[in-house]
Amino acid sequence: MKIGQFAECNNISIDSIRHYMDMGLLLPEKKGSQYYFDKRCSEDIKDIIELKTHGFSLNEIRDILYIQRLATPIAYEKNQYYKGLYENKYKEVLEKLRELKKVENKLSEKINEIFNKVTSCNNIGLDINVLSLLVCPLCNRNLLLEECHVKDTQIFSGLLKCKCGRCFSIEDGIIISDKSEFMENPFGSDIEKFFIDYLKESNEDFINILTKDIWWLSEYFKKGLNENLTVLELGVGYGVFLRNVYESLLDNMIYIAIDHNISILKSLKEMLTRINPNKRVIFICTDVMDIPIRQETIDTIIDVGGVVTHNSFLLQDMDKYTKDKAAIFGSYIINENLPMGSVFQGLDATHFTLRNVKGSINKIKYNIIEDRVSKEFSLTGRYGVESDEKNKIKIYTCFLKR
Ligand SMILES: C[S@@+](CC[C@H](N)C(=O)[O-])C[C@H]1O[C@@H](n2cnc3c(N)ncnc32)[C@H](O)[C@@H]1O
């Protein structure tokens with residue numbers, strides 16, 4: 001039989017046959033330039049295949065075949081010889097299994113350790129006691145909890161339904177509006193990557209002004225903390241303000257973090273709960289104009305550097321949520337150089353004058369307790385606003401009270 005036919009009969013590739021020949025496992029006769037495989041070769045290949053299924057390596061198989069061929073043992077000797085071989089192989093396999101078992105246990109321990117770390121970040125649900133704060137943003141009726149997974153006092157998943165048809169879902173403890181559109185987070189769940197990019201892309205003046213303003217505001221915020229406080233942050237983003245005050249939040253106060261970007265909220269929740277899982281932060285993925293919070297329940301609003309997506313003073317629209325004596329911590333972009341009637345950041349230019357911002361604060365009857373205006377700077381680049389050398393902006397930061 002020639003090599004092709006021999007390979008085909010035994011269902012083995014020609015390359016394998018050649019390899020077995022190179023190793024001396026198969027010894028076909030060579031006639032001219034061709035190899036011929038006889039009955040001996042057929043017996044050898046059957047042995048090779050069987051010994052392979054018993055876990056013998058090709059080198060071991062070669063040794064067995066050599067002994068078989070040269071020593072041609074008698075039946076009894078042959079049995080003894082095979083018995084020894086198989087017993088040794090069996091012991092070897094048992095030893096390997098024991099080693100693998102150890103590796104399996106180690107892997108399993110590691111997976112549990114990683115899993116527990118990951119789940120401990122996500123095992124903070126929505127505190128069931130805050131349900132009384134939630135209402136339908138359309139008709140102000142209570143939201144009914146359905147199809148929920150609750151453990152202890154934490155809601156991990158479920159639906160918050162209103163009789164009018166509005167529905168909010170709860171996923172991993174985050175409340176998500178049925179009107180939210182999924183927005184991709186370019187940095188995945190890696191918040192630190194975002195900050196590195198942000199620092200690289202933004203100019204130094206802006207970073208320094210932002211840092212000092214956040215410090216300034218957070219000091220006033222921390223001074224006013226008490227256990228009964230309910231705080232609402234509009235556009236919490238990656239939580240620059242919240243990170244600065246997070247450890248100071250008191251155990252019983254409630255901090256409601258709103259953002260319409262679910263993936264940013266998820267990353268923020270994971271990061272904060274890793275730092276400290278015992279703070280009562282409610283994460284709500286919704287537009288600021290569609291917040292499912294009961295009216296007149298908020299003590300403090302945080303509106304820091306964020307939401308410029310609609311053409312009115314945001315705090316005016318938030319007025320219904322606040323109690324009589326509320327406080328506001330805000331920061332706003334000021335651009336005095338815009339021509340009248342022009343549009344900046346998608347909004348009417350007058351929106352960005354200091355006079356207009358202060359006028360709006362006055363209209364909603366807040367007193368300015370402390371405020372400050374930064375120096376002028378231009379803010380271009382990926383995280384910038386449309387400002388340039390001639391068209392510089394300032395930041396107005398304020399602490400307001402009623
Ligand atoms: C500049 S970041 C806010 C920074 C944040 N206050 C902090 O301290 O890090 C603005 C955030 O507001 C969110 N946002 C913008 N418009 C919004 C809207 N209409 N409703 C809800 N969130 C909005 C964006 O997704 C973004 O995360």
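We did not get these values from a lab; they are worked out from the coordinates using the rules stated. Every value quoted in this text rests on a predicted model; they were computed, and no experiment measured them. Please note: Cβ atoms are built from the backbone with ideal geometry, for glycine as well, and neighbour counts cover all protein chains shown.
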- Does a label point 7 Å from the Cα of Asn278, set along Cα-to-beta-carbon, have any residues of the stretch 218-236 with amide nitrogen under 14 Å, and which are they? none
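Just how large is the dipole of the stretch 179-401 about the Cα centre, in debye to the nearest 20, putting +1 at every Lys and Arg Cβ and -1 at every Asp and Glu Cβ? Could the numbers behind the result be given before it?
Numbers: 27 positive and 32 negative charges, 109 e Å.
Its charge dipole is roughly 520 debye.
Treating only the Cβ atoms of Lys and Arg (+1) and Asp and Glu (-1) as charged, compute the dipole magnitude of the chain about its Cα centre; round to the nearest 20 debye.
460 debye
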- Qualifying chymotrypsin sites (Phe, Trp or Tyr not before Pro) in the stretch 164-229, DSSP loop, other Cβ atoms within 10 Å at most 10: Phe182
- Item | Dipole of the stretch 264-351, positive end: most advanced residue of Asn335, Met318, Ile264 [Cβ charges, Cα centre] | Ile264
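Go ahead and estimate [θ] at 222 nm for the chain from helices alone: -39,500 (n - 2.57) per DSSP H run with n ≥ 4, summed, over the residue count, rounded to 500. Could the numbers behind the result be given before it?
Values: 11 runs with 160 residues, N = 402.
Helices in the chain give a 222 nm mean residue ellipticity of -13000 deg cm²/dmol.
Would you list Lys110, Lys193 from fewest to most Cβ contacts within 10 Å?
Values: Lys110 10, Lys193 13.
Lowest to highest Cβ neighbour count: Lys110, Lys193.
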- With +1 at each Lys and Arg Cβ and -1 at each Asp and Glu Cβ, the charge dipole magnitude of the stretch 3-72 around its Cα centre, to the nearest 20 debye, comes out at 180 debye
- In a Gaussian network model of the chain with springs linking alpha carbons closer than 10 Å, the residue among Arg294, Arg280, Arg62 that fluctuates most is Arg62
- Message: Given a 10 angstrom Cα cut-off, can you work out which residue in Cys41, Cys139, Cys164 is the most mobile in a GNM of the chain?
- Response: Cys41
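Under 13 Å from the Cβ of Tyr36, count the other residues' Cβ atoms, weight Lys and Arg +1, Asp and Glu -1, and hand me the total. Don't skip to the end; give the middle numbers.
Working: positive: Lys2, Lys30, Lys31, Lys39, Arg40; negative: Glu29, Asp38.
In short, +3.
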- Inter-probe distance in nm under a simple model that places probes 7 Å from Cα toward Cβ, at Ile128 and Leu199: 4.3 nm
- Would you look at the GNM of the chain, springs on alpha carbons closer than 10 Å, and say which of Asp303, Asp324, Asp152 moves the most? Asp152
- Within the stretch 27-56, which residues have the backbone N less than 15 Å from the label spot 7 Å out from Val93 along Cα→beta-carbon, could you tell me? 49-56
- Query: If the label point is 7 Å along Cα→Cβ of Thr153, which residues in the stretch 274-305 have backbone nitrogen under 17 Å from it?
  - Reply: 277-283
- Message: Over 28 Å between Cα atoms: which of Lys110/Lys269; Lys223/Lys320; Lys46/Lys89; Lys200/Lys223; Lys266/Lys394 fall into that group?
- Response: Lys200/Lys223; Lys266/Lys394
